[in-house]
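For reference, the structure is listed below as structure tokens.
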2 protein chains.
Amino acid sequence: MRMATVTLPDTVGTTAAIEIEGRWHALPAADLSELLAAGIAPVPGDELAGARPTLPLPRPGKVICCGLNYGDHIAETGREKPSYPTLFAKYADTLLAPGADIVLPAHDGLELDWEAELAVVVGAELRHATPAEAEAAIAGYTVANDISVRDWQRRTLQWFQGKAWDATTPLGPVVVTPDELDPTSGVEVVCRVNGVERQRGNTKTLVFDSAALLSYISTFTVLRPGDVVLTGTPGGVGMGMEPPTYLRDGDVVETEIPGIGLLSNTVRIA
Amino acid sequence: MRMATVTLPDTVGTTAAIEIEGRWHALPAADLSELLAAGIAPVPGDELAGARPTLPLPRPGKVICCGLNYGDHIAETGREKPSYPTLFAKYADTLLAPGADIVLPAHDGLELDWEAELAVVVGAELRHATPAEAEAAIAGYTVANDISVRDWQRRTLQWFQGKAWDATTPLGPVVVTPDELDPTSGVEVVCRVNGVERQRGNTKTLVFDSAALLSYISTFTVLRPGDVVLTGTPGGVGMGMEPPTYLRDGDVVETEIPGIGLLSNTVRIA
């Protein structure tokens, strides 16, 4: 199944939706956050003409990110393969809809970078879960870009302040269920800036796969339906280029996972 | 004013309350999270017999913590006075009620440490706020202990996984409004373990005071009524002792800020 939260022409608000033969049909919830939290069965309703996917999960209670999870990205940061996943937290305010502008206030030394990622959506409550239990609780997968303010990220030991700028993490456009997509057998994670490919990784090279991450996180905190875990970015970020290269006003960031979809977001530095 | 979320004998649920001449009176909300989020005026109602403060803010959208904010604690970690606050995020699930047990599963090498802190409660929405605007938006102050699982904290570069274990951060017992308590002129932050004083700092030695922290955070993310910011811990944590000393099953952690109140929580390692 391919599910989304969609907007409709001349209609306020959003509707959860499921794609059937290329057309969106209504699901009985305002968005996928509500659908998953309330455990509503995805029974298709009427066809929705003119539906456009927007932020699929507007209200995850937790958005937990894994850094340093692809071998080539670990190498470009000069580090060794880790024994444990490097985790940090974001809040729902960080998320941004497909197609929306990535708006940052201008400041001296701004270093805005891209990080294309596979995102896992939690479908059932998890606490002290084994990897098998975690895998069974995956609602689906979507695309994310953990856009990072590197100069703020480097200000202190903790990355949070470079990672949690409001409305800077594009997410979507759809959530694809595990029966249609298996990242452990390999899906490509791609980032293009102004049409030039900058990142292309494969999820089969993840150090910690989706189930391993959910299981590990559930050791210390509960995960609930609708929570999102970002699995890390492959090599090719701007700070790893020679010389380091960052996003500028007007740049178009395309983040794509074939089999899920494409996010296209324009940078606006004002 | 001194406000709390209280439980009542033989009553399910909680009530927001205000202390008048040593007695708790009802406020028209289920807890202080609701009171602040809805902007409900703290008009006292009936007296509440047998009221006992519990977790004052059960649902903050954000719990943002500052590390390395007291000179003596910075020194004991071997670091220099910072130019920027070191920030990391927690979720509401991390919070624990006054008097409740700090329950951790046993694991090899568990290093459970204490970090007494002043916590600031946000009273109005803040975004791109000046320190003066931030100061005017402070709803009050309470006591917290950022109990830390040091072995997990040190597993990776990012502290989150050592800081975000569910139900390990005692918070409360009351929220004191700024007209009654001024941390910039100095309040003491104390931690005792089994009656032995381990930490005593003074908030007038904070590198970044409450208003500075809220203003800085509001540069990148919105703060809303009921959000909580932990201002960091003074010197005297267990990992700074010679030899390093950690909490054990049955230990009683008392966290106190005179003028606010005392948290007493017992460690249970099962």
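Would a scan of the stretch B:16-25 turn up a residue that is part of a strand (DSSP E or B) and assigned by TED's automatic domain parsing to the domain that holds B:Ser148?
No, that holds for no residue.
Which pairs have Cβ atoms under 7 Å, sit 6 or more apart or on different chains, and link a residue in the stretch B:243-262 that is assigned to a loop (DSSP other than H, G, I, E, B) to one that is among the basic types (Lys, Arg)?
Close Cβ pairs satisfying both conditions: B:Asp249/B:Arg268.
For the stretch A:185-216, enumerate the residues that are modelled with pLDDT of 95 or more, closer than 19 Å to A:Lys81 by Cα and either assigned to a helix (DSSP H, G or I) or not assigned by TED's automatic domain parsing to the domain that holds A:Asn145 (or both).
A:Thr203, A:Ser210, A:Ala211, A:Ala212, A:Leu213, A:Tyr216
Quick grid of which residues meet (1) surrounded by 24 or more Cβ atoms within 10 Å (Cβ to Cβ); (2) out of contact with any His (no Cβ under 9 Å at 6 or more places or on another chain); (3) not aliphatic (A, V, I, L, M):
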{"residue": "B:Ala144", "(1), (2), (3)": "yes, yes, no"}
{"residue": "B:Leu157", "(1), (2), (3)": "no, yes, no"}
{"residue": "B:Val196", "(1), (2), (3)": "no, yes, no"}
{"residue": "B:Ser210", "(1), (2), (3)": "yes, yes, yes"}
{"residue": "B:Phe220", "(1), (2), (3)": "no, yes, yes"}
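Take the conditions within 13 Å of chain A (Cβ to nearest Cβ), in contact (Cβ under 8 Å) with a residue 60 or more places away in the chain and on the phi > 0 side of the Ramachandran plot and apply them to B:Gly232. Does it pass?
When the stated conditions are applied, B:Gly232 passes them.
If I go through the stretch A:62-107 residue by residue, how many of them are under 15 Å from the mean Cα position of the chain (by Cα), among the small types (Gly, Ala, Ser) and facing chain B (nearest Cβ under 9 Å)?
3
Of the numbered conditions (1) among the small types (Gly, Ala, Ser); (2) within 11 Å of another protein chain (Cβ to nearest Cβ); (3) farther than 18 Å from B:Trp114 by Cα, B:Ser185 fails exactly one; give the number of that condition.
Here B:Ser185 meets the rest and fails (2).
In contact (Cβ under 8 Å) with a residue 60 or more places away in the chain, within 14 Å of chain A (Cβ to nearest Cβ) and small (Gly, Ala, Ser), is that true of B:Ala129?
Criteria met by B:Ala129.
Being over 27 Å from A:Asp166 (Cβ atoms), in contact (Cβ under 8 Å) with a residue 40 or more places away in the chain and within 12 Å of another protein chain (Cβ to nearest Cβ) is the filter here, so list the residues in the stretch B:149-164 that pass it.
Of everything in the stretch B:149-164, those that are over 27 Å from A:Asp166 (Cβ atoms), in contact (Cβ under 8 Å) with a residue 40 or more places away in the chain and within 12 Å of another protein chain (Cβ to nearest Cβ) turn out to be B:Val149, B:Asp151.
Please pick out the residue among A:Leu32, A:Leu8 that is under 24 Å from A:Arg224 (Cα atoms), surrounded by 14 or more Cβ atoms within 10 Å (Cβ to Cβ) and hydrophobic (A, V, I, L, M, F, W, C).
Going through A:Leu32, A:Leu8 in turn, the sole match is A:Leu32.
Does the stretch B:67-77 hold any residues that are among the small types (Gly, Ala, Ser) and farther than 20 Å from B:Pro170 by Cα, and which are they?
B:Gly71, B:Ala75
Counting only residues that are more than 30 Å from B:Thr86 (Cβ to Cβ) and surrounded by fewer than 23 Cβ atoms within 10 Å (Cβ to Cβ), how many does the stretch B:35-59 have?
Qualifying residue count for the region: 16.
Does the stretch B:78-97 contain any residue that is over 21 Å from B:Thr169 (Cα atoms), at pLDDT below 95 and in contact with a strand residue (DSSP E or B) (Cβ under 8 Å, 6 or more places away or on another chain)?
No: the stretch B:78-97 contains no residue that is over 21 Å from B:Thr169 (Cα atoms), at pLDDT below 95 and in contact with a strand residue (DSSP E or B) (Cβ under 8 Å, 6 or more places away or on another chain).
Does the stretch A:60-70 include one or more residues that are in the same structural domain as A:Val207 (by TED's automatic domain parsing), in contact with a Leu (Cβ under 8 Å, 6 or more places away or on another chain), outside any loop (DSSP other than H, G, I, E, B) and surrounded by fewer than 23 Cβ atoms within 10 Å (Cβ to Cβ)?
No - not one qualifying residue is present in the stretch A:60-70.
Can you tell me how many residues within the stretch A:137-178 are polar (S, T, N, Q) and under 18 Å from A:His73 (Cα atoms)?
Within the stretch A:137-178, residues that are polar (S, T, N, Q) and under 18 Å from A:His73 (Cα atoms) number 3.
Could you list all residues from the stretch B:39-61 that are within 20 Å of B:Leu171 (Cβ to Cβ) and away from chain A (no Cβ under 12 Å)?
The answer is B:Pro42, B:Ala51, B:Arg52, B:Pro53, B:Thr54, B:Leu55, B:Pro56, B:Leu57, B:Pro58.
Is it true that some residue in the stretch A:168-180 is within 13 Å of chain B (Cβ to nearest Cβ) and free of Cβ contacts under 8 Å to residues at least 40 places away in the same chain?
Within the stretch A:168-180, none of the residues are within 13 Å of chain B (Cβ to nearest Cβ) and free of Cβ contacts under 8 Å to residues at least 40 places away in the same chain.
The values are calculated or read from the model by the stated rules, or taken from the named source; none is laboratory data. A quick note: this is a predicted structure, and the numbers were derived from the prediction, not measured. Methodologically, a virtual Cβ is constructed for each residue, glycine included, from the backbone with ideal geometry; neighbour enumeration extends over all protein chains shown.
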